[in-house]
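Single-structure report; data block below.
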Amino acid sequence: MYISTLRVRPPEPAASHTLELMTSTDPNDPIADALLGESTYERLRVERYALIKRRIPQKLVYQSGLLLVLALVVPIAATYPSSVRAAFPGGEPLWASPLVLWVGVCAGAIQLGTASCLIAVSIVRRSREPELSEATAHTLLNVEDVASMFGLATGGFAILLTVGFFLLGHTGGETFYSVINAAPRNPYGQTDVSVPVIAVGTAAAVSSAVVYLCSRHLRSESA
């Protein structure tokens, strides 16, 4: 009688699989790359809660787009019908300084200020990594979150409000003048400090290009 023996191969230790998962990252999974990478800033950024989770270069692209939207006040005002143009001093909307334009001026200043903060955060972070401490990373992330909210939320809403008021001039003279009559103060009335529409639109367009170029530069450095 022959007795055959069955040899069972022992399973591989689970630790080897865990080690394999922790040492290899998927290039298409930025979250895993951030968690397993050497950047303390990126790891904490992924772990913490934030309403706007995009990286700084992408946020700058959004801000560049908002500034470009603000620049649309120039072609909008330049194509007003004659009935609407008469509501502006001298019948020249491009050279007028209406009250509602100051909302756009403040919004543009918010965009430039917060974009500068985001660029500064990115520069400080890159100059100190990989020795960046967790305390410093948390501080930089707090600055980034506040700048993002003010720039994209507060500043973005103010820009859309400004452009919306300018677009009312293309809804017809009746609607346009009904808004003027219903408002406690004429939103298209001339202000004491003259900042013409064409100057604000031009400055917004130039600022949009500068912010976009900064975003491209930061993106190329991180590539």
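The values are calculated or read from the model by the stated rules, or taken from the named source; none is laboratory data. Since the model is a prediction, treat every value here as computed from it, not as a measurement. FYI the Cβ positions are ideal-geometry reconstructions off the backbone, even for glycines, and counts take in every protein chain you see. In case anyone asks, the SASA skips ligands and DNA or RNA and just uses the protein heavy atoms, side chains included. Shrake-Rupley method; radii C 1.70, N 1.55, O 1.52, S 1.80 Å.
All of A199, A203 fail the test of being without any contact (Cβ under 8 Å) to a residue 24 or more places away in the chain, closer than 16 Å to I159 by Cα and part of a helix (DSSP H, G or I), apart from A199.
Would you check which residues across segment 144-176 are over 22 Å from G108 (Cα atoms) and surrounded by 15 or more Cβ atoms within 10 Å (Cβ to Cβ) and list them?
Keep residues of segment 144-176 that are over 22 Å from G108 (Cα atoms), which gives 170-176.
G173, F176, listed by residue number.
Filtering segment 180-213 to residues that are over 21 Å from W95 (Cβ atoms) and either open to solvent by less than 40 Å² (accessible area, probe 1.4 Å) or in contact with a strand residue (DSSP E or B) (Cβ under 7 Å, 6 or more places away or on another chain) (or both) leaves A183, S208, V211.
Looking only at segment 53-73, count how many residues are within 20 Å of T171 (Cα to Cα) and either open to solvent by 30 Å² or more (accessible area, probe 1.4 Å) or in contact with a strand residue (DSSP E or B) (Cβ under 8 Å, 6 or more places away or on another chain) (or both). Let's see the steps before the verdict.
If we filter segment 53-73 for residues that are within 20 Å of T171 (Cα to Cα), which is where we start, we get 69-73.
Pick out the ones that are also either open to solvent by 30 Å² or more (accessible area, probe 1.4 Å) or in contact with a strand residue (DSSP E or B) (Cβ under 8 Å, 6 or more places away or on another chain) (or both) and you get 69, 72.
The qualifying residues number 2.
Of the residues making up segment 85-123, those that are more than 12 Å from L70 (Cβ to Cβ), assigned to a helix (DSSP H, G or I) and aliphatic (A, V, I, L, M) are L94, A115, L118, I119, A120, V121, I123.
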